[in-house]
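Novice: Got a structure here, written out as structure tokens. Questions coming.
The values are calculated or read from the model by the stated rules, or taken from the named source; none is laboratory data. Just so we're clear, the structure is a prediction, and the values are computed from it rather than from any experiment. Glycine also receives a Cβ, built like all others from the backbone with ideal geometry; neighbour counts cover every protein chain displayed. Accessible surface areas use protein heavy atoms only, side chains included; no ligands, DNA or RNA. Shrake-Rupley method; radii C 1.70, N 1.55, O 1.52, S 1.80 Å.
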Amino acid sequence: MKNKQYLIADARKEQIIKAAIEVLRDSGYVNTSLSKIASKAKTSTGLISYHFSGKEDLMNNILVYLVEDEKAFIKGRVENEQTYLGKLMAFVEAGIEYRDKYRGNITALLEIVFNVRTPDNVPYFRMEMNPEEEVQVWLEGILSEGKKSNEFSDFDSRAVGMMIRGAISLAVSLPRNENDLGFKDYSEKVKENIMKMIK
């Protein structure tokens, strides 16, 4: 069991991460500084430096936090399904719904993925295995198992998985205007087209 001091440290780290997500959402990566994050978190830059070795370390932790948050949101839906088709449709619905409910998180994630580089100067989105890639691997597993059980036809799991993730990711660009295609309508259309690919 975690001791009280560890729980407090964890709570402070999460407070800093949540404040940084807000700053990334509102200001973008280039304009995000430890001082802005400290101000938003109502703490000091010294405390941020105590928990994180620098801006890059903080961004790494935020990226993992955001990916894990999305995975947890989707996982609850997927695990309730018995068939691979049910799991796949739940994955798609939950992924699109997450982008509707947590636009700020997705904005922050995109700011990190497209602006931060590794110590070897490799952009995060080009890393061989970044946290976002874990979600892709999970999706491909659902597709592959669905093929093995003959629920799905034969297709390239990697290519179809990338198309599905692309469709889910693009949901964040949907306007929230009532006269435009809503998230639920978009979700239904995406699922209809996925069915054509996998059956």
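Novice: Mind checking whether some residue in region 61-73 is under 18 Å from residue 184 (Cα atoms), assigned to a loop (DSSP other than H, G, I, E, B) and either without any contact (Cβ under 8 Å) to a residue 40 or more places away in the chain or touching a strand residue (DSSP E or B) at 6+ places or on another chain (Cβ under 9 Å) (or both)?
Specialist: no
Novice: Sticking with this one: Looking at 186, 124, which one is aromatic (Phe, Trp, Tyr), closer than 19 Å to residue 64 by Cβ and at pLDDT below 95?
Specialist: Sole residue among the options that is aromatic (Phe, Trp, Tyr), closer than 19 Å to residue 64 by Cβ and at pLDDT below 95: 124.
Novice: I want to confirm something. Restricting to region 66-89 and keeping residues that are within 16 Å of residue 161 (Cβ to Cβ) and over 16 Å from the mean Cα position of the chain (by Cα), which single residue is surrounded by the most Cβ atoms within 10 Å (Cβ to Cβ)?
Specialist: Only one residue fits best here, namely 88.
Novice: What is the one condition in (1) crowded, with 19+ Cβ neighbours inside 10 Å; (2) at pLDDT 95 or above; (3) among the aliphatic types (A, V, I, L, M) that residue 163 does not satisfy?
Specialist: Condition not satisfied by residue 163: (1).
Novice: Specify which of the listed residues (20, 38) is open to solvent by less than 80 Å² (accessible area, probe 1.4 Å), in contact (Cβ under 8 Å) with a residue 24 or more places away in the chain and over 25 Å from residue 188 (Cα atoms).
Specialist: Within the list 20, 38, the selection yields 20.
Novice: Kindly indicate whether residue 92 is of a type in the set (A, V, I, L, M, F, W, C) and within 20 Å of residue 182 (Cα to Cα).
Specialist: So residue 92 fits the description; yes.
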